[in-house]
Amino acid sequence: MEQINWLKIKIDENTYIETSKKDNTLISGQYHVESNSHLGNLFCLTAITDKLIKNSNKLNPELKKFGDSLLIINDTTSFLTRLNKKLKEIDLDYRYGLVTYYDRTTYNGELNILHKSNEFEHQSEWRP
């Protein structure tokens, strides 16, 4: 993703509209290039991390919007071992980890399946 600081639009062969942040006519813009190299994430989990525990002793009430039930995985090592085994068994190229949250109004750089806008940071997400 790249933050845009200028824009030039071609109206016809001889007419262009050009704006930039310098003249305060362009408030904000982003340029995204999408890739079809991955199918998406299998599912999402809320990760109870040291950061989450440090900031609060409760889960964010916004998480209730996902439903009225939850699953707690106590033995994460066993869970990951079985997940890895199955994904290799079906020959699926994969990666997993904690989601990195970014500010979509200022971030410039590569994004992948493990990136998400910081407006969702309260989800403390882990994705396989």
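The values are calculated or read from the model by the stated rules, or taken from the named source; none is laboratory data. For clarity, every value in this text was computed on a predicted model and none was experimentally measured. For neighbour counting, all protein chains shown are included, and Cβ atoms are generated from backbone atoms with ideal geometry for every residue, glycine included.
Give S37, S20 a once-over and let me know the one that is under 20 Å from the mean Cα position of the chain (by Cα) and modelled with pLDDT under 75. Only one candidate passes the filter, namely S37. Among the residues of region 76-103, those identified as surrounded by 10 or more Cβ atoms within 10 Å (Cβ to Cβ) and farther than 22 Å from A47 by Cα are K88, L92. Taking the stated definitions as given, is L59 in contact with a strand residue (DSSP E or B) (Cβ under 8 Å, 6 or more places away or on another chain) and either modelled with pLDDT under 85 or aliphatic (A, V, I, L, M) (or both)? Spelling it out, L59 is indeed in contact with a strand residue (DSSP E or B) (Cβ under 8 Å, 6 or more places away or on another chain) and either modelled with pLDDT under 85 or aliphatic (A, V, I, L, M) (or both). The condition of being more than 16 Å from L98 (Cβ to Cβ), of a type in the set (V, I, T) and at pLDDT 70 or above holds for only one of T46, T81, that being T81. Of everything in region 57-75 that is touching a helix residue (DSSP H, G or I) at 6+ places or on another chain (Cβ under 8 Å) and assigned to a helix (DSSP H, G or I), the residue that is farthest from L114 (Cα to Cα) is E62.
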